[in-house]
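Inspection log for the structure reproduced underneath, given as structure tokens.
Every number in this text was worked out from the coordinates using simple rules, so none of it is lab data. Quick caveat, the model's predicted, so the values are computed rather than measured. Here the Cβ positions follow ideal geometry from the backbone for every residue, glycine too, while neighbour counts run over all protein chains shown.
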């Protein structure tokens, strides 16, 4: 604090002094003073900036958590969600992902483990195709698979596949996942799917996600990949919180 106050005074005084009538020599003296202060107190400046950034992040997280809480309530009324796990689970995990995202593929390993290990978690999968036209096209195929009741099977095939996902590959993956590939190719042309994807992206952005993956575990917001132990611990904490309210 003893360093921050002089710095604050200098920061406020400089614009005022710049407008005041000063000789060239006086301006040089002030600039030298500020320059020397920065050299002498660089660590303090960095600490101050870090604290400011941490506070900004904390405020952003509070805002995102509040929005997440509202969003989760709206999910209860959604009838056409892309789901995995237990549709009536006591904890909801939402993942925002892109099929061409390497970290999303890594995160899918955690989703698979969660489906296997915890039979009481509702998992909602929200396409967020932000990595180009290919991502958008794959998302249409994936969401169209809901009409055949094989979404998670196809989602799994897409996430596990490495390499190009052209139409021939998508049809093969669909067939391997138990879908009618030709019907799927027709269904993916439904304009409603683009509207659904647009809504997904808008929702993600409103929650503060600018990249993939992004996660909500109830109203806990995580930007980026999170390991399985963090997922499990957060779910455990949410259950303890719910239990304490009973």
Worksheet entry | Percent RCO, i.e. relative contact order, over region 86-171, from Cα pairs under 8 Å lying at least 6 residues apart | 34 percent
Discussion item. So for region 81-244, averaging the separation of alpha carbon pairs under 8 Å that are six or more residues apart and normalising by length, what relative contact order in percent results?
Written reply: 31 percent
Worksheet item: So if we plug the beta-carbon distance of residue 245 and residue 81 into 1/(1 + (r/R0)^6) with R0 = 25 Å, what FRET efficiency do we get, rounded to 0.05?
Response: 0.45
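Take the Cβ-Cβ distance between residue 90 and residue 183 as r, set R0 to 35 Å, and report the resulting FRET efficiency rounded to the nearest 0.05. Don't jump to the answer; show the numbers that get you there.
On the way: r = 35 Å, r/R0 = 1.01.
The computed FRET efficiency comes out at 0.50.
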Discussion item. Residues of region 135-159 with the amide nitrogen closer than 16 Å to a label point 7 Å from the Cα of residue 172, along Cα-to-Cβ, please.
Written reply: 157-159
Worksheet, complete the sentence: Output for region 81-244 (equivalent-ellipsoid semi-axes, sqrt of 5λ from the C-alpha gyration tensor, Å, descending) is 27, 17, 14
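Hey, can you rank 74-87, 199-212 by average C-beta count inside 10 Å, highest first?
Numbers: 74-87: 12.6, 199-212: 16.8.
For the peptides 74-87, 199-212, the packing ranking is 199-212, 74-87.
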Item to complete: Find how many whole Å separate the alpha carbon centroid of region 87-151 from the alpha carbon centroid of region 192-221.
Response: 12 Å
